[in-house]
Each structure stands twice: as structure tokens, then as C-alpha cells.
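Shown next, in C-alpha cells, is the structure this report addresses.
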Amino acid sequence: MVDKDWAFILGAQDPEMREIAGTLRRSGRIFLHAAKAGERCRARTAYQADGVVRVGRGGRPQPAVLVPQTPVVFVECTVLGHEPLMLRVDHHHPGDPGYEKSPAQYLEGSSLGQVLRLLEIEPSDTHRLLAASDHCLTAAYQGQCPGVDPHELLFLRASWQAKMTGRTFGDVVEGILDAAKRVRSHFDSEFGESRFLDPTEVPLDLAEGAAYAGCPVRYRALFPDGALKEMLKGAAPGHIERFIRGHESAGRSVYGNPHRGYAGAYLT
């Protein structure tokens, strides 16, 4: 357990990070958000943060200061120039506490599970669902995470997606099931994956549907800032390693974790 004078610095927002923030708030713990150029960090900038912000209920970031000698727990982020007295909570990079954890060890592997352990809090059923879905979604949908019901997982994931997008819950579930069907029909036994390489033809709920189907999927996404990214999800370790090596040999920026079955590369 960490003392109450430790500050938690949180990375990019997602359902797991949202729950981590809520847990820290309910526990009366100090937490701030990693920031880049005064803006709350995103997944691509979480490890390049140059400062911190405080985010109120309105969601607007307010400037904050991280005193250099403050003991810190970094959760899926880093802040340049702040090294002393720190702990890491993460599972994205080699050496992270959760990097090599299997689906059966999803609580030890996930960032939420690691935070709960630091706070000496027993995980709830919702904590388990969030931790498993973030650490190893495909495995969780296939029943490989003890204490996690795949049907409850689908309900939770679809509810979150509906809330964030404004779609109805039924529309999201239908989209996930349709995507799962399309992934199965597109499976290429030669490559051991389903491929959707035209970003304009990617089904809306492709990644979720592929995880639900338990099928490796390679697809490309075009982001508003013009970045084109290719991703491989739900694949075995050797498959992920080949993906990473291939893009590295082409000189591209690559990330991924063979133990968790995902990887991505920025093509532009």
C-alpha cells in the first residue's frame, strides 16, 4: 500500500482509467492527469507528457503543478523531468508490472488491478470486468479470465459504447454481433487472420466484434489528424511478434504486447 502523500498521475482516458480516477476520488487520494502542452494527454502522447493538469467535473483541464520531490505513481504515462520516488502502474511495455501477465492473471496485469492492490481494495465484479476487458479483451470474451462472465462483459462494453457515442444499446449490440459475423466470414487461413485493410470499409464495431468472435483481425483506421494506423488484435504471441518485426523493418513507429495479443503501427 502507498501512503496518502503519494500522488497518482493518470494517462489517457478510457473506461479503465475512468474507473481508476473514480476509485482514487472515493478513496480520498491525490490524482492529476498527464498533459502535453497544457492539454490532457491522449494514447499517442501519454508517454511524452511535459506537465500535469487537474480535470474538474466539467471536463476542462486546469493548470496544475507537480512538485519535483512528490512521491508519484505513474499510471500508463510518464512526465518528462519527474523521476524520483516513483512507482509504475502499467502493462504496455517490457518491464511494466503487468506486461507478461496471462489472461488468468488479468487483475495483476491490468492497471486497474494494480491500483486496487496498491490501495488494498478488494475488486468488485465491475472491477473484474473492466480489468479483464482492458488487459485481454479477446481472452475475456472466450471465458479465459476467472470470475468474468462474457455475457456481462458484452453488456458492460456495449453500455459504455452507447453512452460515449449516443447510439442505442441495442444498436451497439447488433453492431458487435454483425461485426463478429463478418470477421468470421473474412477469415483467411493462409494468414491466420481476418483482414480489413481499406479504412473506408471497416465495420463500425470491428475490433469489439473480432474479440467477441475470438478471431485475430488486422485492420486500418484513418484518424482525424490524418494519421493512418494498422492494427492487429486478438492474435497469438508469435503472430504479434511477426507483425511488429515487419513494421519495424519498414522503419515505422510500432507498439504492442505479444502477451496481450495486440499491436499497432503508424503508417503515416
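For ASP125, what is the net charge nearby, where nearby means another residue's Cβ is under 9 Å from its Cβ and Lys, Arg count +1, Asp, Glu -1?
-1
Specify which residue in the list TYR212, GLY147, LEU24 is farthest towards the positive end of the charge dipole of the chain, using unit charges on the beta carbon of Lys, Arg (+1) and Asp, Glu (-1), about the Cα centre.
LEU24
When DSSP assigns beta bridges and you keep just the ones with both residues in the chain, what percent turn out antiparallel, to the nearest 5?
65
Any chance you could get the radius of gyration and Dmax over the Cα atoms of the range 1-74, in Å?
Gyration radius and largest Cα-Cα distance of the range 1-74: 11.6, 32 Å.
Do the sum for the chain: with -39,500 (n - 2.57) for every DSSP H run of n ≥ 4, divided by all residues, what is the mean residue ellipticity at 222 nm, to the nearest 500 deg cm²/dmol? Numbers along the way, then the final one.
On the way: 8 runs with 96 residues, N = 268.
So the helix-based figure for the chain works out to -11000 deg cm²/dmol.
How big is the gap, in Å, between the Cα center of the range 1-76 and the Cα center of the range 134-185?
What the calculation gives is 28 Å, centre to centre.
Could you grab the relative contact order for the range 174-219? Cα pairs under 8 Å, six or more apart, rounded to a whole percent. Display every interim value, and only then the final one.
Numbers: 69 pairs, mean separation 23.4, N = 46.
RCO, the range 174-219: 51 percent.
Starting from the Cα-Cα distance between ILE30 and SER253, subtract it from 0.36 nm times their residue separation and give me the gain in nm to one decimal.
76.9 nm
Between GLN142 and ALA37, how many nm apart are label points set 7 Å from Cα along the C-beta direction?
Placing both labels 7 Å along Cα→Cβ, they lie 4.1 nm apart.
Show me the ranking of peptides 7-19, 142-154 by mean Cβ neighbours inside 10 Å, starting with the highest.
Those peptides, ordered most packed to least, come out 7-19, 142-154.
Suppose R0 equals 22 Å. What FRET efficiency, 1/(1 + (r/R0)^6) with r the Cβ-Cβ distance, do ILE121 and ASP5 give to the nearest 0.05?
The calculated FRET efficiency here is 0.75.
Against the empirical 2.2 N^0.38 Å scaling, what ratio does the C-alpha Rg of the chain come to?
Against the empirical 2.2 N^0.38 Å value, I get 1.01 for the chain.
Amide H of ARG29: which non-local residues (sequence gap of 5 or more, or other chain) have their own amide H closer than 5 Å, using H built in the peptide plane?
Distant-sequence amide H within range of ARG29: zero hits.
With everything on Cα atoms, drop me the angle between helix 169-185 and the longest principal axis of the chain, reported from 0 to 90° to the nearest 10.
50
LYS163: net charge of surrounding residues, Cβ under 12 Å, Lys/Arg +1, Asp/Glu -1, itself excluded?
Taking every Cβ under 12 Å from that of LYS163, the sum is +3.
To check you understand DSSP bridge types, tell me what percent of the beta bridges within the range 1-144 (both residues inside) are antiparallel, rounded to 5. Spell out each step's value before the answer.
On the way: 9 of 22 bridges.
For the range 1-144, the DSSP antiparallel bridge percentage is about 40.
What does the charge dipole of the chain about its Cα centre add up to, to the nearest 20 debye, if the Cβ of each Lys and Arg holds +1 and the Cβ of each Asp and Glu holds -1?
540
Under the rule of at least 5 residues apart or a separate chain, name every residue whose amide H is placed under 5 Å from the amide H of TYR47.
Amide H neighbours of TYR47, under 5 Å, 5+ apart: THR78.
Taking square-rooted eigenvalues a ≥ b ≥ c of the alpha carbon gyration tensor, is the range 152-240 rounded, prolate or oblate, where a/c under 1.5 means rounded and, failing that, a/b exceeding b/c means prolate? Please list the in-between numbers first.
On the way: a/c = 1.92, a/b = 1.32, b/c = 1.45.
Note, shape of the range 152-240 comes out oblate.
For the Cα atoms of the chain, what angle does the longest principal axis make with the long axis of helix 237-249, in degrees from 0 to 90, nearest 10?
80
Where does the charge balance sit around ALA265 when Lys and Arg score +1, Asp and Glu -1, over other residues with C-beta under 9 Å from its C-beta?
On the way: positive: LYS229, ARG252; negative: GLU230, GLU248.
Counting the neighbours of ALA265, the net charge comes to 0.
If r is the Cβ-Cβ distance from SER159 to ALA227 and R0 is 35 Å, what FRET efficiency results, to the nearest 0.05?
0.75
For the range 132-268, what is the accessible area per residue in Å² when the probe is 1.4 Å?
Heavy-atom accessible area per residue stands at 50 Å².
Quantify, in whole percent, the carbon and sulfur part of the accessible surface of the range 61-117 (1.4 Å probe; protein heavy atoms only).
Result for the range 61-117: 60 percent of the exposed heavy-atom area is carbon or sulfur.
Within the range 161-268, what whole-number % of the accessible surface is contributed by carbon and sulfur, with the 1.4 Å probe and all protein chains included in the calculation?
Carbon with sulfur: 52 percent of the solvent-accessible area.
From the phi angles alone, apply the Karplus equation (6.51, -1.76, 1.60; θ = phi - 60°) to the range 111-125 and give each ³J(HN,Hα) in whole Hz, x where the residue is Gly or Pro.
So the Karplus estimates, Gly and Pro as x, are 5, 4, x, 5, 5, 4, 5, 4, 8, 6, 10, 6, x, 8, 4 Hz.
What do you get when you divide the Cα radius of gyration of the range 1-125 by 2.2 N^0.38 Å, with N the number of residues?
In units of the 2.2 N^0.38 Å rule of thumb, it is 0.99.
Over the range 62-180, with a single point scatterer placed on each C-alpha, what log10 of the ratio I(q)/I(0) does the Debye formula yield at q = 0.09, 0.11, 0.20 1/Å?
Log10 I(q)/I(0), no solvent term: -0.33, -0.48, -1.07.
Helix 150-165 versus the longest principal axis of the chain: what is the Cα-based angle in degrees, 0 to 90, to the nearest 10?
Once rounded, the angle reads 70 degrees.
The values are calculated or read from the model by the stated rules, or taken from the named source; none is laboratory data. Predicted model, so just to flag it, every value in this text is computed and none were measured. Positions of Cβ are backbone-derived with ideal geometry, glycine not excepted, and every protein chain shown enters the neighbour counts. The area values use the complete protein model at the heavy-atom level, side chains included, leaving out ligands, DNA and RNA. Shrake-Rupley method; radii C 1.70, N 1.55, O 1.52, S 1.80 Å.
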